[in-house]
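Presented below is the structure to which this report refers.
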Amino acid sequence: MYYVLMKDRDIRDNLATEQYLMNNVEFDEPLVLFYIEKPCIIVGRNQNTLEEINSDFVKDNNITVTRRISGGGAVYQDLGNLCFSFVVDSNDKNFGDFKSFTQPIIDALHQMGATTAEVSGRNDLLVDGKKFSGNAMYSKNGKTFSHGTLSLDVDLTVLTDALNVPEDKIASKGIKSIRSRVTNLRPYLDKKYQDLSTEEFRDRLLLELFHANSIDEIKDKEYIVSPEEQKEIDKIKEQYYYNWDWVYGKSPEFTAKQRKHFDMGTVDVRYNVVDGKIENTEIYGDYFGMKDANDVKAKLNGIKFDRDEILKVLDQFNLDDYFKGIPQDELVKLFTP
């Protein structure tokens, strides 16, 4: 087995590296990758991104959002989380057999004291009945990767807030994540591992996987990405993980609505969004205005369902002419995701 310890702390860069290595480098043994990220949300390939995230909280807390090429549900990660990924020939594993991929991780965690860790259901890892890992899988051109999270010391409060979306705000036919009771692994590890940093936890897991006593023993198994390979990885980053059309535009058709009552009337804004763009805007309510709100609707139709794009349109209008007496900052909240 070979291994890669990714130095970058941006989920988009690491997913691009994983994708490149799977599709472009031939290994004569399985490959395991480990990576750690700054706060981020990664939605599954078939999900509606905006249906999974609390947009206001995400924006206010500078949380990176991207979409992966594998299926499954949305996950939140921060520097207290460790990601792992196994890359193998498709003939070596049955697609969807998460247990065979994750069992080495479970065995390693048992050695570190988390003896109640187990594979549960389709693709989750539990400890004492609580979820600490979600996993997803992708297969292409004779290769398969199975990647997952390991919550060592994730800020669970932020996780809850970042993924908490009001049910009546966005409705679509996308595949919604199922929220489970979640926990961190740290309390379940042996005392000698209780104070490990995420990087130290990664290195300990790596040694358990290789049945080695030190990193020096397995240095010959480390794969280092070359500068030439990095150039190709950068292309993948721009094509997928930094690309608005991939992250948001690939979402299934959905409707978005926000409604609020003010002293000067109620405003109800609704969008129908197709391929990430506003196809139709409706504005309902008992508000008053000197001018017809159809002017605003016409400008919104056809643009990306994106906060900055919507703000550019709203800045073209004196909103008080259309929604008399209603604070502009409150109106902006109704119009933007």
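The values are calculated or read from the model by the stated rules, or taken from the named source; none is laboratory data. None of the values given here were measured: they were computed from a predicted structure. Ideal geometry is used to build each Cβ from the backbone, glycine not excepted, and the neighbour counts take in all protein chains shown. Side chains included, ligands, DNA and RNA excluded: accessible areas come from the protein's heavy atoms. Shrake-Rupley method; radii C 1.70, N 1.55, O 1.52, S 1.80 Å.
Against the chain, whose longest principal axis comes from its Cα atoms, helix 98-111 is set at around 60 degrees.
Computed from backbone phi with θ = phi - 60° and the Karplus coefficients 6.51, -1.76 and 1.60, the 3J(HN,Hα) list for the range 120-136 is 9, x, 6, 8, 10, 10, 10, 9, 6, x, 10, 6, 10, 8, x, 10, 9 Hz; x is used for glycine and proline. Taking 18 Å as the straight-line reach from the Cα of LYS250, the aspartates and glutamates in range (excluding those fewer than 8 positions away in the same chain) are GLU51, GLU52, GLU238, ASP275, GLU279, ASP306, GLU309.
Just in the range 294-337: which trypsin sites (Lys or Arg not before Pro) are loop by DSSP and have at most 15 other Cβ atoms within 10 Å? Don't jump to the answer; show the numbers that get you there.
Numbers: sites: LYS297, LYS299, LYS304, ARG307, LYS312, LYS324, LYS333; in loops: LYS324.
Sites meeting the loop and neighbour criteria: LYS324.
Placing a label point 7 Å from the Cα of ASN46 along the Cα-to-Cβ direction, the residues of the range 127-145 with a backbone N closer than 19 Å are 134-141, 144-145. Note on LYS38: lysines with a C-alpha under 20 Å away, same-chain residues under 8 apart excluded, are LYS7, LYS59, LYS237. The chymotrypsin sites (Phe, Trp or Tyr not before Pro) found in the range 240-309 that occupy coil by DSSP, while having at most 12 further C-beta atoms within 10 Å, are PHE288. Across the range 258-270, coupling constants 3J(HN,Hα) worked out from phi with the 6.51/-1.76/1.60 Karplus curve, θ = phi - 60°, read 9, 9, 8, 9, 10, 4, 9, x, 9, 10, 10, 9, 9 Hz, and Gly and Pro carry x. Magnitude of the charge dipole for the chain, about its Cα centre and with charges confined to Cβ atoms of Lys, Arg (+1) and Asp, Glu (-1), is about 800 debye. Set against the labelled values [x] 19.8; [y] 18.6; [z] 29.8, mean projected area of the Cα convex hull in nm² computed from this structure falls on [y].
For an R0 of 41 angstrom, estimate the FRET efficiency from the Cβ-Cβ distance between LYS130 and MET290 and round to the nearest 0.05.
On the way: r = 57 Å, r/R0 = 1.38.
Between LYS130 and MET290 the formula returns 0.10.
The portion of the accessible surface of the range 232-283 made up by carbon and sulfur, rounded to a whole percent, is 41 (1.4 Å probe; DNA, RNA and ligands excluded).
Between amide H atoms placed 1.01 Å from N, distances below 5 Å from ILE303 occur with ILE278, all of them 5 or more places distant or on a separate chain.
Of the cross-linked pairs LYS257/LYS324; LYS140/LYS231; LYS235/LYS333; LYS260/LYS312, those separated by over 29 Å at the C-alpha level are LYS235/LYS333.
How high is the FRET efficiency from SER90 to ASP320, r the C-beta distance, R0 56 Å, rounded to 0.05? Efficiency, from the Cβ-Cβ distance: 0.40. Spacing of the modelled spin labels on LYS257 and ASN141, each 7 Å from Cα toward Cβ, amounts to 4.6 nm.
Between GLU29 and ILE215, the FRET efficiency from the beta-carbon distance, with R0 = 22 Å, is close to 0.75. Determine the distance separating the Cα centre of the range 93-159 from the Cα centre of the range 268-321; give it in Å without decimals. So the separation of the two Cα centres works out to 43 Å. Evaluating 6.51 cos²θ - 1.76 cosθ + 1.60 at θ = phi - 60° for every residue in the range 141-153, the Karplus couplings come out as 6, x, 10, 9, 10, 10, 10, x, 9, 9, 7, 7, 8 Hz, glycine and proline recorded as x.
Indicate the gyration tensor shape class of the range 284-337 (rounded, prolate or oblate), computed on the Cα atoms with a ≥ b ≥ c the square roots of the eigenvalues: a/c under 1.5 is rounded; otherwise a/b larger than b/c is prolate and the rest oblate.
Working: a/c = 1.89, a/b = 1.47, b/c = 1.28.
Note, shape of the range 284-337 comes out prolate.
I'd like the trypsin sites (Lys or Arg not before Pro) in the range 94-152 restricted to DSSP loop residues with at most 12 other Cβ atoms within 10 Å, sorted by number. Filter output for the range 94-152: ARG122. Note: relative contact order over the chain, using C-alpha pairs below 8 Å and six or more positions apart, is 17 percent. Working from label points 7 Å from Cα in the Cα-to-Cβ sense, the TYR223 to ASN62 distance is 3.3 nm.
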